[in-house]
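Some notes on the structure that comes next.
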């Protein structure tokens with residue numbers, strides 16, 4: 001596992017380097033005192049993992065996450081738990097470590113990483129491209145193509161490298177991303193209301209403050225997505 | 001009784017690797033005095049936003065040196081500084097002083 005460390009404090013980087021030595025197959029290929037240098041490096045070198053500090057001057061870890069193209073797995077290292085929780089919604093973020101990082105906590109992180117890299121899917125992968133765009137979507141589970149009618153899909157939730165598609169009767173776990181499935185869904189019915197959720201907004205029961213209710217599920221609405229949702233609704 | 005800096009955490013991380021311990025202490029000995037000076041300069045010039053950023057960096061070192069209460073105070077002080085409140089200044093300075101003395105002792 002090839003990794004880089006991005007942190008403006010050399011003491012913090014030194015600790016992560018030392019902790020990485022305790023993980024078999026973990027190779028620290030470079031360290032960077034700022035996010036800009038790391039971005040330049042990633043333009044010509046690919047890595048499997050980034051240990052990323054959130055609180056850095058000029059370009060923060062959150063800025064970095066927004067800017068990096070095709071991000072590898074990321075572990076946040078921070079003193080600000082709140083920042084970390086905010087960023088944790090990104091599907092490529094595997095874990096966050098609050099400084100000072102203990103050896104025990106780092107080992108737990110290593111286990112999470114191992115699971116993230118070697119995940120054996122319970123149900124097999126990938127959304128199918130051959131589908132009827134108007135009415136339904138086929139998902140490939142264990143070499144079986146299952147047809148889901150758009151009108152039956154209620155909620156799609158990002159869960160790491162997977163998405164969970166919830167219908168009235170079933171839940172399907174598929175190896176895909178919200179971005180991929182969003183391209184297959186009709187805009188007339190579906191809307192992303194949070195970085196981890198796409199909803200079938202025709203199935204909304206009610207909207208209260210920053211959440212919507214679909215059947216018995218309360219789904220958060222992010223501030224940036226709220227105006228579009230309100231625009232799509234037939235408001236009196 | 002006031003807590004005192006210690007090397008327990010560094011020794012735990014190093015697993016007995018003396019080379020790492022030495023390298024790490026050199027980093028602390030280099031970074032801490034500069035951060036302390038920057039912090040005081042920003043505070044004296046009433047640039048509390050920048051002094052909060054330095055406190056953020058220092059608090060990590062307090063955690064590394066086993067100053068659990070010092071770390072908690074730094075968390076609070078960093079937040080206070082962002083709102084222009086310096087009432088924890090004296091307590092924080094005492095912590096800085098104890099770290100400085102510790103660094104000199106282990107040099």
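No value in this document is a laboratory result; all are computed from the given coordinates. These figures come from a predicted structure and were not determined experimentally. Backbone-built Cβ (ideal geometry, glycine too); neighbour counts: all protein chains shown.
Placing pseudo-labels 7 Å out from each Cα toward the beta carbon at residue B:68 and residue A:217 gives an inter-label distance of 4.2 nm. Based on Cα atoms of the stretch A:1-45, Rg over Rh with Rh as the Kirkwood radius reads 0.98. Counting only other chain Cβ atoms within 10 Å of each residue's Cβ, the peptide B:53-60 averages 3. The stretch B:37-95: Rg/Rh from Cα coordinates, Kirkwood Rh? Ratio of gyration radius to Kirkwood radius for the stretch B:37-95: 0.93.
Peptide A:11-22 has a mean of 5 when you count, residue by residue, the C-beta atoms of other protein chains within 10 Å of its C-beta. For chain B, a Kirkwood radius taken over Cα pairs fed into Stokes-Einstein (10 °C, viscosity 1.306 mPa s) yields D = 112 µm²/s.
Across peptide A:219-226, the average count of Cβ atoms from other chains found within 10 Å of a residue's Cβ is 0. Over chain B, DSSP H runs of length four or greater, each weighted -39,500 (n - 2.57), average out per residue to a 222 nm ellipticity of -26500 deg cm²/dmol.
With respect to chain B, whose longest principal axis is taken over its alpha-carbon atoms, helix B:68-82 is tilted by about 30°.
Using the empirical formula 2.2 N^0.38 Å as the baseline, the Cα radius of gyration of the stretch A:136-232 reaches a ratio of 1.03. Using just the helices of chain A, give the 222 nm mean residue ellipticity in deg cm²/dmol: DSSP H runs with n ≥ 4 each add -39,500 (n - 2.57), and the total is spread over all residues, rounded to 500. Helix contribution divided over all residues of chain A: -8000 deg cm²/dmol. How much of the DSSP beta bridge set in the protein assembly as shown is antiparallel, as a percent to the nearest 5? The antiparallel fraction comes to roughly 65 percent. Computed with the Debye formula from one identical point scatterer per Cα of the stretch A:175-236, without solvent, the log10 of I(q)/I(0) at q = 0.12, 0.20, 0.28 Å⁻¹ comes to -0.27, -0.76, -1.40.
Normalised radius of gyration for the stretch A:2-118, please: alpha carbon Rg relative to 2.2 N^0.38 Å, two decimal places.
Working: Rg = 12.7 Å, N = 117, 2.2 N^0.38 = 13.4 Å.
That works out to 0.94 for the stretch A:2-118.
From least to most packed, judged by other beta carbons within 10 angstrom and beginning with the fewest, A:44, A:175, B:60 follow the order A:44, A:175, B:60. Shown for B:56, B:93: other C-beta atoms within 10 Å of each C-beta, ranked fewest to most, produce the order B:93, B:56. On a 0 to 90 degree scale, rounded to 10, what angle separates helix B:89-106 from the longest Cα axis of chain B? The angle comes out at about 20 degrees.
Translational diffusion of the protein assembly as shown, estimated by Stokes-Einstein from the Kirkwood radius over alpha carbon pairs at 37 °C in a medium of 0.692 mPa s, is 143 µm² per second.
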